[in-house]
Amino acid sequence: MISFTEDRQRFLDGSLSVSQRVEQCLAAIANQAQLNAFLHVDADGVRAAAAASDERYRAGLARPLEGCILAVKDNMSVKGMPMTCASRILEGFMPLYTATAVERLIDAGAVVIGKTNMDEFAMGSSNETSAYGVVRNPHDPSRVPGGSSGGSAVAVAAGLCHASLGSDTGGSIRQPAAFCGVVGFKPTYGVVSRYGLTAFASSLDHVGPFAPTMADAQAVFDVMAGADAMDSTSVPTPEAQPMPPIDGLKVGVLEESYITGCDQDIQDAYAAAIEKLRQMGATIVPVQLQHEQAWVPTYFILATAEASSNLARFDGVRYGKRFESDVDIVTETRSRGFGTEVQRRIMLGTYVLSSGYHDAYYTRAQKARRLIADMYNNVFTQVDVILLPTTPTSAFEIGAKQSDPVAMWLSDYYTVSANIAGIPAVSVPVGTDTAGLPIGLQVQGPVFADAMVLAVAAQV
Amino acid sequence: MQTTYEAIIGLEVHAQLKTSSKAFCACSTTYGAMPNVNVCPVCLGHPGTLPVLNRNLVEWIVKMGLATNCHIRERSSFSRKNYFYSDLPKGYQISQFADPICYGGSVEIETEEGPKHIGITRIHMEEDSGKSIHDLDIDTLVDLNRAGVPLIEIVSEPDIRTAREAYLYLQHIRQILVYLDICDGNLEEGSLRCDANISIRPVGQTTFGTKTEVKNLNSFRNVEKAIQFEIARQIALVEGGAAVQQVTMLWDASRQETRVMRSKEQAHDYRYFAEPDLVHVVVDESWKQRLHSALPELGLAKRRRFVSQFGLPAYDAAVLTDDAEVAAWYEASCAHLNAQGPEAYKAVSNWIMTDVMRIMGQNKVSISNAGLSPEQLASLVDVVQDGTISSKSAKDVFAAMLGTTKTASELVQELGLRQESDEGLLRQLVEDVLRDNPDNLEKYRGGKSNLLGFFVGQVIKRSGGSANPALVTSIMKEALEQPTM
């Protein structure tokens, strides 16, 4: 892995140039093509941008992220690069504009190396639903990298870039971060603009960074954060609160019943992290996160309902790939352009919103959402942050859960509640299991406590 | 015994607002541009784009709500109405569903039987779709210039009982929209669209019958005709022992009939849910108050004021206030009159309702482009009122005035139309005529009093037509009454 905050010193003192680093990354992408992390590499573009960054370093005009080599999940618009969302239906689509988050990073000096593979329209937890082939875990190529932002996690884990952007609707940044051994951060809802992020479930979608270290993730996040006139749901960057010392910090931890389903190695890592924090002076407070049986169902009802509407625009009429038909272009395009998992979720979402079922599913899920948010508000009156596993298992074998969508969906158990409540959550790597696969733990905090969450996670 | 039926009618009126930009993006709303020019990634529904609410839309709908006596909801929200259509870029329309911004209002219409209140159930914001063009031999063509243009939907209570009332209600709603300067109010061009919900029931029954919805009422004449047709169709069905089916009907203007567009089973399930890309719309009390105090005087109030302030007949007041611009022009004309008074006010009204409106109709122009100014018309009324010219000559002055900036006095001078009102001069002419017609004078004094007209005519003739007839008549009478001369 290559850290931008470390490289920046080298760029500043001239011991390394951005162009050299870019060439190394391009070579690494080519050498590790079997990982299938990228859907598009913009070699010419990134070389030109790197040369310009080197010029700025020489001129003493380097911006905060000057020469930060960035990979962008292929569901975010970057003008000049194709965007497929890993779907056939957007084959050949060229966006007309650049996503706000990406634009801010470019304006701060980041250079975009390419677009990363993902689960189709971010629907999946293993990167197996991509129309352009599965992404492989660099720690064990027979295993999945997690999803849906698998390509972005792998790009950082395999040292193919400094940092990458992912999107997290139910855990799609944190889960692959855990599986690949990198930092993955999902900020408070609205703190990073969604403008330019292809919507899966608008009220649950978040843009966030992958990076080798907490400091790198923080650097990228700081630049992206802040209100955006193009996103009405965006909010100003929360004012930096003085970070309470770990000594005296109240850390909520899950009671045993919540983690008995986890792999033993993950339970052990969790216990070790708790012990570490305790020794640093933190007060460990067992907490109950209620309604846990409702997290995943609530998430899937809300996410699929919104997705069924958000994905209606892909009809082959105005852009993307059109599958011609004598009868109905829209039906033909959507039947052949969308993969199985996407069609499954669109149908489920259509069903939960349809008249006669709306109240039983969608309306109840909205009520459950409020209960879950209230639950978190209540817990955060007792503790400053919560420590919990990111995933119940480490990276699983490719194909292991493909035949059982519900088992796949349940792998989001520890991550979805933060999306439902819109709270900040970060996954931090804490070593490996006995098979040598990375383990990630998660720190969650109250809304707008993004800085505190990152600071605590840095100590785990 | 013959059953008599009454119709229960509610109207849904869609008004396209004339904001300069679209409801949720910065694209222009200019009508008549080349197809697919006024578009951007947002209104094309490109992936990743998000709507940003046009503040003018909120301000304008609140004005409409206040003008129709609605409650204004302090916090309202948007919903998505989901359906597939090639001219609907996102696959859903952003609309308001559960909590419309305006609700519970009413308007008063003036029917032939007197004033009547029609309730307003709700007024909500939404975005227009694009336009599909099917009637070409090639594929369907789609123009997305209109996609995202702001609409408000005004839903009435089922308080309307006749096609005539529906017509009057629609006229009234149109007038308010135009008075507020928020909509062109053009049914034919589609800036105003109307659907009607219609059911019938025997008079005396309190429950409602099954309703049908009639769409495509794209002119005021069609609104009245289509509703009449649909009421008659429903009565004939029921009289024939059949039941009215809950269907959506389309008015076919060329065949002058309604026909079934889709049945209840084919009705869309729009799967409404809260629009997650927009936050609540908040209209606080101070904003509402500011908009309320800035409301212009509306048509009905203006009409009533014209009757009381200018002494106009109700008919004149209605004609003059139908269009706010005409009403303002009328008031400006009256303000420029030298001689203020009901007689002059009525004269101004007469000129506008006949000659000025004739020009507006012929040239299809607004009153500001009719070819004369309120000052000019006032000057014309003044010279007739003070006897400078006859009302016959006034027509010539009016014609000469058009397209110029000349006042009536200037034109009277130029055209030599000044009426001779010099008493000494006229008295001389009277004496001349009497002297030259001793026979007729004899006959007059012998009792043939109808010879007065002859004498007056002779005087006017000798004056070359310029003598003031009223003044001549009074001098002549006086002269004739004198015993000797």
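Count, please, the residues in the stretch A:1-49 that happen to be outside any helix (DSSP H, G or I) and among the aliphatic types (A, V, I, L, M). Result for the stretch A:1-49: 6. When the stretch B:245-284 is limited to residues that are away from every other protein chain (no Cβ under 12 Å) and more than 35 Å from the chain's Cα centre (by Cα), the one that is most open to solvent (accessible area, probe 1.4 Å) turns out to be B:GLU265. If you go through the stretch B:73-90 and keep only what is in contact with a Cys (Cβ under 8 Å, 6 or more places away or on another chain) and either within 14 Å of chain A (Cβ to nearest Cβ) or crowded, with 23+ Cβ neighbours inside 10 Å (or both), you end up with just B:PRO89. Counting only residues that are in contact with a strand residue (DSSP E or B) (Cβ under 9 Å, 6 or more places away or on another chain), within 14 Å of another protein chain (Cβ to nearest Cβ) and either under 19 Å from A:SER77 (Cβ atoms) or open to solvent by 10 Å² or more (accessible area, probe 1.4 Å) (or both), the stretch A:191-210 holds 11 of them.
In the set A:TYR376, A:TYR319, A:TYR361, A:TYR351, only one residue is closer than 30 Å to B:GLY130 by Cβ and surrounded by 19 or more Cβ atoms within 10 Å (Cβ to Cβ); that residue is A:TYR319.
Apart from one condition, A:GLY147 fits all of (1) open to solvent by 10 Å² or more (accessible area, probe 1.4 Å); (2) at pLDDT below 95; (3) of a type outside the set (Phe, Trp, Tyr); the exception is (1). Being crowded, with 17+ Cβ neighbours inside 10 Å and charged (D, E, K, R) holds for only one residue in B:LYS346, B:LYS395, B:LYS302, B:LYS364, and it is B:LYS302.
For the stretch B:192-216, the candidate set comprises residues that are touching a Lys or Arg at 6+ places or on another chain (Cβ under 8 Å), in contact (Cβ under 8 Å) with a residue 12 or more places away in the chain and of a type outside the set (Gly, Ala, Ser); within that set, the residue that is most open to solvent (accessible area, probe 1.4 Å) is B:PHE208. Can you find a residue that is more than 21 Å from A:PHE380 (Cα to Cα), part of a loop (DSSP other than H, G, I, E, B) and within 12 Å of another protein chain (Cβ to nearest Cβ) anywhere in the stretch A:302-313? No, the stretch A:302-313 contains no residue that is more than 21 Å from A:PHE380 (Cα to Cα), part of a loop (DSSP other than H, G, I, E, B) and within 12 Å of another protein chain (Cβ to nearest Cβ). Total residues in the stretch B:428-448 satisfying the condition of being surrounded by fewer than 17 Cβ atoms within 10 Å (Cβ to Cβ) and within 13 Å of B:ALA479 (Cα to Cα): the figure is 5. Residue pairs whose Cβ atoms lie under 7 Å apart, sitting 6 or more positions apart in sequence or on different chains, and linking a residue in the stretch B:344-357 that is at pLDDT 95 or above to a partner that is open to solvent by less than 40 Å² (accessible area, probe 1.4 Å) and of a type in the set (Asp, Glu), are B:SER349/B:ASP316; B:MET353/B:ASP316.
To keep it simple, each residue is scored yes or no on (1) in contact with a Phe, Trp or Tyr (Cβ under 6 Å, 6 or more places away or on another chain); (2) without any contact (Cβ under 8 Å) to a residue 60 or more places away in the chain.
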residue	(1), (2)
A:ALA71	no, no
A:THR84	no, yes
A:ILE89	yes, no
A:GLY92	no, no
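Just to be sure before I move on: is B:ASN440 assigned to a helix (DSSP H, G or I) and either modelled with pLDDT of 90 or more or touching a Leu at 6+ places or on another chain (Cβ under 7 Å) (or both) in the structure I sent? Against the criterion (assigned to a helix (DSSP H, G or I) and either modelled with pLDDT of 90 or more or touching a Leu at 6+ places or on another chain (Cβ under 7 Å) (or both)), B:ASN440 qualifies. For the criterion of being at pLDDT 95 or above and more than 14 Å from chain B (Cβ to nearest Cβ), A:GLY252 passes.
Select from the stretch A:211-233 the residues that are within 14 Å of chain B (Cβ to nearest Cβ), touching a residue at least 60 places away in the same chain (Cβ under 8 Å) and under 17 Å from A:SER167 (Cα atoms) and list them in ascending order. Listed by number, the list holds a single entry, A:ASP231.
When the stretch A:50-89 is filtered for residues that are within 13 Å of chain B (Cβ to nearest Cβ) and assigned to a strand (DSSP E or B), the ones remaining, listed by number, are A:VAL72, A:LYS73, A:MET76. Of the residues in the stretch B:140-148, none is over 30 Å from the mean Cα position of the chain (by Cα), more than 14 Å from chain A (Cβ to nearest Cβ) and open to solvent by 10 Å² or more (accessible area, probe 1.4 Å).
Considering the stretch A:224-248, and only residues there that are of a type in the set (Val, Ile, Thr) and under 20 Å from the mean Cα position of the chain (by Cα), the residue that is farthest from B:HIS280 (Cα to Cα) turns out to be A:THR237. Scanning the stretch B:19-54 for residues that are more than 30 Å from A:ASN75 (Cα to Cα) and either small (Gly, Ala, Ser) or within 13 Å of chain A (Cβ to nearest Cβ) (or both) turns up B:SER20, B:GLY32, B:ALA33.
The values are calculated or read from the model by the stated rules, or taken from the named source; none is laboratory data. Predicted model only: the values in this text are computed from it and were never measured. Every residue, glycine as well, gets a Cβ built from its backbone with ideal geometry; the counts of neighbours run over all protein chains shown. Surface accessibility is based on the protein's heavy atoms, side chains included, excluding ligands, DNA and RNA. Shrake-Rupley method; radii C 1.70, N 1.55, O 1.52, S 1.80 Å.
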